[in-house]
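Read through the structure below, which is laid out as structure tokens, and then see the notes.
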Amino acid sequence: MNPNEATVANQLRAALHEIEHGTEWQTGDALDWGERIETALAVAEASDLLIRETVRAARAAGTTWAQIGLALDCSKQAAQQRFAQTA
């Protein structure tokens, strides 16, 4: 994990802790909210990359589009349309 990933991971852990425990999540100034939005965006981008790479690896290992669709809670056609360029 590089230093930037570690920072995002720490920010994510802190944000999730605040949400789960109801502490300070709904308070804060504009700077806090900006940092929280940036963290959420970084997590979303990392999640998208993880899903794409996992689907690519699954396809390379012989997993069918139907199995991938089931895991993603969508049809095999929807999975294929979304990830065919990745796989």
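The values are calculated or read from the model by the stated rules, or taken from the named source; none is laboratory data. Note that the coordinates shown come from a computational prediction; the quantities given were computed from them, not determined experimentally. Glycine gets a Cβ as well: all are built from the backbone with ideal geometry, and neighbour counts include every protein chain shown.
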Legend entry - Whichever residue in region 31-87 is at pLDDT 90 or above and basic (Lys, Arg) and, among such residues, is nearest to Arg13 (Cα to Cα): Arg52
Inset, instruction - For Glu24, work out the one condition from (1) modelled with pLDDT of 95 or more; (2) in a loop (DSSP other than H, G, I, E, B); (3) of a type outside the set (A, V, I, L, M, F, W, C) it doesn't fulfil. - result: (1)
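Answer yes or no as to whether Thr54 is part of a loop (DSSP other than H, G, I, E, B) and surrounded by 14 or more Cβ atoms within 10 Å (Cβ to Cβ). Break it down into steps so the answer makes sense when it comes.
On the way: part of a loop (DSSP other than H, G, I, E, B): no; surrounded by 14 or more Cβ atoms within 10 Å (Cβ to Cβ): yes.
Judged against the criteria, Thr54 is not a match.
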